[in-house]
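Each remark here refers to the structure printed beneath this line.
Derivation of every value follows stated rules applied to the coordinates shown; laboratory data play no part. Since the model is a prediction, treat every value here as computed from it, not as a measurement. Cβ placement follows ideal geometry from the backbone for every residue including glycine, while neighbour counts extend to all protein chains displayed.
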Amino acid sequence: MFKSQFTFRKKNVKNIFIDNKVTIRKRLKWTNLYTAYQDLPSTYQAKGVVVEGYKYSIRPYVKLDSQPEKWVADTLEHLCSSDKKKKSFWVRNEPRMEYPVEVKPAPFYPDFLAFINGKWIVVDVKGKHLAEAKQIDDRKKALKLLEKEGGVQTFFLVDKVMEKRGFKAVEIASVDDFSGFDELRHEELGIEEFANGQKPTLFDKK
């Protein structure tokens with residue numbers, strides 16, 4: 001999605017995302033396929049639920065790994081639907097297939113990318129046990145650097161924080177409303193030290 005110096009490619013950005021295969025598991029009377037209007041079951045614990053029926057997802061099937069991810073997908077769908085110009089869309093960013101954020105020792109893939117009302121946003125959703133792990137620090141710094149230098153809004157959401165603050169019950173009317181649930185807004189991450197040199201490229205760590 002970006003070249004050096006954070007410039008957008010001229011090609012239609014929707015063509016950058018590669019469609020992927022999904023697996024619908026069927027066991028007795030159980031399946032991992034749900035429709036967009038359904039909540040995931042309270043007993044759901046395994047990864048890889050497949051959801052169909054999102055109008056503004058650029059794919060007909062979306063693979064989700066947690067209930068908080070489903071909340072984000074529902075919210076992005078709602079925000080896209082309010083775009084009167086009908087140019088907004090979102091995508092579940094699949095690892096090893098689409099848009100990586102380059103950090104050392106390995107790139108990572110934020111969970112959601114969205115183009116809403118003419119602006120790009122990046123949303124990453126993490127479980128609390130992972131959000132506090134040291135290896136996640138560089139991902140947080142990369143998101144903030146992307147926001148600072150690339151003009152892209154980024155959000156790092158933690159599942160337990162989303163639950164505690166009532167993400168599901170809150171009506172999110174604009175992208176800015178994500179900020180109330182974003183842990184990065186409350187952390188000093190030292191991104192200046194994270195960037196290599198005065199003009200950072202895509203996230204070289206010293």
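Arranged by the count of other C-beta atoms within 10 angstrom, fewest first, what order do Ser57, Ser179 take?
With the sparsest Cβ surroundings first, the list reads Ser179, Ser57.
Considering only Cα-Cα distances, which of the following residue pairs are longer than 27 Å: Lys84/Lys128; Lys144/Lys168; Lys84/Lys164; Lys126/Lys168; Lys84/Lys141; Lys87/Lys164?
Values: Lys84/Lys128 36 Å; Lys144/Lys168 25 Å; Lys84/Lys164 33 Å; Lys126/Lys168 16 Å; Lys84/Lys141 34 Å; Lys87/Lys164 33 Å.
Beyond 27 Å: Lys84/Lys128; Lys84/Lys164; Lys84/Lys141; Lys87/Lys164.
Express the C-alpha Rg of region 63-127 as a ratio against the empirical globular expectation 2.2 N^0.38 Å, rounded to two decimals.
Normalised Cα radius of gyration, region 63-127: 1.18.
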